[in-house]
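Read the structure below first, then the notes.
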Amino acid sequence: MLGGYRKHPAGDSITMPLKHVHNSRKVLLTIALAVCCGCLSSCASLITSTVIKPAVGNLQQQTDIQLVCDGAPSYLLMLDSMLVSSPGSEGLLLVATQSYSAYAAALEECGGTQKRVAAIAKKAHFYGHSLLERYLPLQSNQDRDILNKQLEKLKTSDVPEVFWGTYGWLTWVKSQRGSPTSIADMVEIQKIMTRLLELNESYQGGSIHLFFGMYYAAKPAMFGGDPERSAFHFERALALSDRKFLPAQTTYAEMLARMTMDQELHDSLLQEVLAFPDEDAPEFGLSNQMAKNKAKKLLDENYFGE
């Protein structure tokens, strides 16, 4: 580079002023941005598939919960910014729902305040609803028959989006701690989960069965609670995950074994969780690490008064 000129890559005989090089770069950048803005959904799809999905996969595999609590906010802010530009991107809505739901659960482990957890759960709910509305009518004043008919139209290929949209909704329900509105929402959630169970019972390590195990254990008998049905669903969740999705064991122990005063089942499930090698299920790393922490707490509570 001599005298403010740049050699042409083809040889020494052609030169170009540096200011023209810079101007050319600006023009090319402007064109590139214009093209991207002109097909924003395609750009969002490309970024989602090559950057965002691997990132959320890595988030789910983390076993250092504190690292997730410290590092996730920047990632979540990036998702928010991308969704402002591409609010209709189904891929972004999916990973945003997954990520906010995971972060809400991690925050509880990291000692986050209830107010903070509720705020994150609200975002999971918002993105989850935005995702679900692409498949189901969710207006509060709708005819229930409309929802039932739309549920029947769902296909197996719809399960991931509908499951995670519903999971974001459940994350918010949990954060509400029994508020009347959240309890009322369980009617629609139960209907959606029933349909998902018909379509793909094994999805996400049997998590749909896990939902029903909790559902029938938590409700009083006079309102549809059923320990036998709960046990069936918990056992099915364990079988479908090959006992590798550890929240199934801890939830089974806490919600059903304690309710039925089955200490042997309770302790064996929790000991199984603590003995499980992390490397055997890296895809469930974050969930399994939280389950291990939960198992330790449940055993330390000495619930059965030994």
Of a type outside the set (Asp, Glu), more than 30 Å from Arg144 (Cα to Cα) and assigned to a helix (DSSP H, G or I): does that describe Ala231? no
Lone qualifier among Thr181, Thr156 - being β-branched (Val, Ile, Thr), loosely packed, with under 14 Cβ neighbours inside 10 Å and at pLDDT below 95: Thr181
Suppose we keep only residues that are closer than 17 Å to Gly305 by Cβ and touching a residue at least 40 places away in the same chain (Cβ under 8 Å) within the range 244-268. Which one would you say is most open to solvent (accessible area, probe 1.4 Å)? Met261
Leading residue by the ranking (surrounded by the fewest Cβ atoms within 10 Å (Cβ to Cβ)) among those in the range 184-211 that are touching a Leu at 6+ places or on another chain (Cβ under 6 Å) and in a helix (DSSP H, G or I): Arg195
Limited to the range 276-288, what total is found for residues that are open to solvent by 30 Å² or more (accessible area, probe 1.4 Å) and over 15 Å from Ala248 (Cβ atoms)? 4
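The values are calculated or read from the model by the stated rules, or taken from the named source; none is laboratory data. Worth saying up front: this structure is predicted, and the values here are computed from it rather than measured. A quick note on method: Cβ atoms are made from the backbone with ideal geometry, for glycine too, and the neighbour counts reach across all protein chains shown. The protein model used for the area step is the full one, side chains on, heavy atoms only, and it has no ligands, DNA or RNA in it. Shrake-Rupley method; radii C 1.70, N 1.55, O 1.52, S 1.80 Å.
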